[in-house]
Each structure stands twice: as structure tokens, then as C-alpha cells.
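These notes are about the structure you will find just below.
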RNA sequence: CGCGGGGUGGAGAAGUGGUCUAUCUCGUUGGGCUCAUAACCCAAAGAUCGGGGGUUCAAAUCCCUCCCCCGCAACCA
């Protein structure tokens, strides 16, 4: 048994989580559940990044205290556990002064040799409350606020990333720090060439909402320094050394494409400076658009997972996001496509298959089937084994959608198998009947096991429909390829539609 | 010369040198079945893989060039 530590990025809690972060936390959930089934010791961390200018400003706009503001919104993110049935083990908040702050400050101290104070001079637009690049100016004015920016000098701490560029390049090239998909790896290797030291602090008078820099009360940690530290503080860095040693390094950081540079360049540099091991891999997903449009509050097309789940249920949304959208590519969400997937894949293929087999066992076998190996069709068994190989390979290379494609291909095979063998025929002899139904039931049970990390509730219902032992042990330890149900008796219980068709 | 992503049968997608005589889902057409959630199964029609040029024994897949779409200020993974 090996340990498996997986993290998601920690989003800014500016309002409710939208469906894009839903995708990320779902992908992580599948990986976590999959590894638990394999018997790994899994730790799945998510959380929120509550500092930084954006949160600071939003709270001001809303007109309530910062802490109250983040308390309220962070709760919405934590709720994803029940909204999407996420199996995270821990939820870290960067405003947590007990769990997060000490580690974030210790990390700073550990990096201190590579952090230096520098006077930074730039053009500052009061309207933007931010530095802007000279090349973005139009006629010497800020394009947005139409005012001349001021020349401002500011003292910041900088991190000497340049010192580690060679090492990081080597580690990424050799896959010691593995970046998936590989296109992203090349992007980062390219980007590394021009990376320069980056600012890791802000003056207190600009933003007080953050973690103080150790030994310099005039500066606050830049939000990215603070945020990245969550991956180690949550498991005990600076607070619980034993637990930290148990879990670090992370096996997977799962993130969106927009923040890869922080994870592939800055974060490794910080860890190297602090003398800590690097994460083993970074998995990068794409962005979700809605009806082909970028998600945007100003466009008003933001959809929260909660909205969708209320109408369609948890597993249909899980299925959609994990199947319709390629794990590492951009994808699109629309209610139309969701309904198509629901009816086509969940109701017609999976749900209906379960119904017809259950009904056949009920009417032809008086509701009971003793599962015997000798009744298994060899070709079908072969098909299941192939599916299993493809499934595992897909998940382990972070192509979750392909794993589901393989499973649905197997379900199609079962439907076709049934039609070919016609167990409903009046003159079917008992052996033929047993062979056909044992084989199709076997496929369904295998499929349920494959589906379990993706659609936990559905897998549970399928086992229940055939009276399979529902103890946690069975559901967790069941191996594929029929082993664990040979010799069992399956009893069909009241048949209910898993996914009633939508009109 | 800004950067990046993309253009594949009616729609949406997969596939990035040789099982591609291009795959899948939906749709369309014809047939079958009647166990099942008007579901399921079989078959067919439909694409010169954005245009042009090149490399190669071999290209949707590599190179060049042109055209078009979408991101790259903010909200935002």
C-alpha cells in the first residue's frame, strides 16, 4: 500500500464556486476515489485562497468586514462536498492562523537566503490600483481610466528564481516533476527561459490583508507565496512534522491551465530554496465555457454546480463534466448537451441495460441468479479484461474521459450481446439462459465497479438492484474480472429506473 | 511578424506520421427485436480532415504560407 496525496488549486472565494472549479474538484475526486479502491492510503486536500487584492476589493465593495466576507463565501466552497459528493479529506483556509500562518511564515524563513529587498519603480495607475506596463499605455494614459499613471517607487521582497532555473528545467525535462499533458510541459520549459525574479511581498500600506513577512512588519506576503504554501501547511508543515513527512511530497497537484507557471516554476523554486522535495506531478485541465462563451460575471452566464444538481442530480453532472469534457482540454457546458448525455448515455445505455437484465432475471429465473464461472462467455470475459486495461491506463495518464468512453463501449457490447442471444425467446433452454444472463450481469457488475469513482451513488444503486452485499468492504475491495462474485447468489430487488428519461 | 488555442460528414467531438480503405455521439434513412426507461440491436447515406505549396515510400498528423474563429483589462479555475 502506498500513500497518495492529491490537491486541487485553492480558488479565491469571491462568491459561489462556478462550474469550472466544479470540474477541477471532480477530477481530483475521481483520482482520489480510484486510488482508495486500489488500496492506497489517500489524502485529498482542497481549500480556498482568502488573501490577495481581489478578495480585499470584493469585500470592500460588498461593504462588510474581510473576515466575515470570506467566512461566508468559503462556506460555499466547502459545501461542494455535499453538492457534488466530493470525498475530500481536508479543507484548508489561508486565513487560518493556526493551521496555515505558521507554516507560511516558516516557509518564508526557509527561503530567506534567496529573498532580497529591492526598490521597484513602476507606473502606477490609481484607477487600477496597480502597476501597468508602459506598452499598455495609450497616449501615455491608462486605457481604462484615461489618466496618466504616476511613477511610484515601492520596496518589495523578491525571490531569486533565476538561481533555480537550471535545476527546475532539468527536473521537468526528466519528468521527475511530471507535467501532464505534455504540451503544457513544453510550454513551461519555454517559459522558464525568460523567467525573472518575482516579487513575493507587498507593502503593508497597499494591502494589509495577508500574512505578515517575518521580521519585517512593513510588508505582507504576496498572495501567491502565501497560497502555494497551503499544500504543505495543511498537512502540518511548521506545526506537525510527523504528518508532514508522511504525506509530502504531493503525488498530484491538479490545477487549471491559467496558473501553471506558479506551480511549475515558482513553487518548485520555493521548495528547492527551502530544501524540500518537489511534487511528483502536475495535472493541468482546461477551461469550461458555457454555450461556447467564456465564463464571465459581466456576461452573466455563470452557472454554479448547485444550480445544475438541483435540476438533474449529482451523478448526471459528474458524468457530464467527466465524460463530455476532455480532461486536459477546454470544454463546453450547455444544458442541451447535458440532457443529450443524460438521455443517451445514462438513461438509454446504462439505465435501460440494468432494467432489462434485472427484469429478465426476475421473470426467467424467479429473481435469483447463482453466479457460476462456467456460465461466463469467454469472449465477453475478454472484452471486460480489455476494458479494464484501457480504463486503468486512461485514469493513470489523466484521461478520465477516455476511461468512461471505454466503460460505455462495454455497456454497448452488453446490449448487443443480449440482442444476439435473445434470452427472452420462449424456447431458450436453461443453460443458454444462464449463460446469457450470467454474462450480462457480470458485465454490469464490472461496469459498476469501473463507474464507482466517477458516479459513486450510481454504482451503489446498481449493486443494490442485484442485491449485492453493500458492505463497505465489498464495494472497496472488489476486484475486477469477476473474482469476487463467483459463487454468490444475486437477488433482484424492486427495479427502479436509475435515470428516468428526460422529456 | 505580439502570444496562445482552434478550424475533421448536418451538429458536437476524438484522432497529431503507416491497423485512417478517417472514429465516436447525436441527427437522417431502411430493417430487426419485443426483455427493457417509445428504450435496445443491425445496416446505409453523408467528410477531397479550412485554402495552397512542400518534406516523405507513406500526412488529418511534420514544414512553409494564406484565410477564418476564440482567449490574452476586469469579474474568472
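A few remarks follow.
- Kirkwood-Stokes translational diffusion coefficient of chain A, alpha-carbon pairs, 37 °C, 0.692 mPa s, µm²/s: 130
- Reduced Cα scattering model of the range A:333-405, Debye log10 I(q)/I(0), q = 0.18, 0.21, 0.22 Å⁻¹: -1.00, -1.08, -1.09
- Crossing angle, helix A:430-451 versus chain A [Cα axis fit, 0-90 degrees, rounded to tens]: 10
- Per-residue Cβ neighbour counts within 10 Å put A:328, A:363 in the sequence A:363, A:328, beginning with the fewest.
- The Cα atoms of the range A:7-63 define a convex hull whose projected area, averaged across directions, is 4.4 nm².
- Between residue A:162 and residue A:240, the simple spin-label model (points 7 angstrom out along Cα→Cβ) gives 4.1 nm.
- Ranking of A:97, A:501, A:33 by count of other Cβ atoms within 10 Å, fewest first: A:97, A:501, A:33
- Helix A:101-111 and the longest principal axis of the C-alpha atoms of chain A enclose an angle of approximately 70°.
- Degrees separating the helix A:378-396 axis from the principal Cα axis of chain A, which is the longest one: 10
- For the pair the range A:1-23 and the range A:79-120, the centres of their Cα atoms are 14 angstrom apart.
- Sorted by Cβ neighbour density within 10 Å, fewest at the top, the residues A:94, A:182: A:182, A:94
- Fraction of the pair-distance distribution of the range A:189-319 above 19 Å, Cα-Cα pairs, percent: 66
- Rounded to 5, the percent of DSSP beta bridges in chain A classed as antiparallel: 55
Only the coordinates and a few stated rules stand behind these numbers; no lab work does. Nothing here was measured: the structure is a model prediction, and the numbers come from that model. Here Cβ is always computed from backbone atoms with ideal geometry, including for glycine, and neighbour counts include all displayed protein chains.
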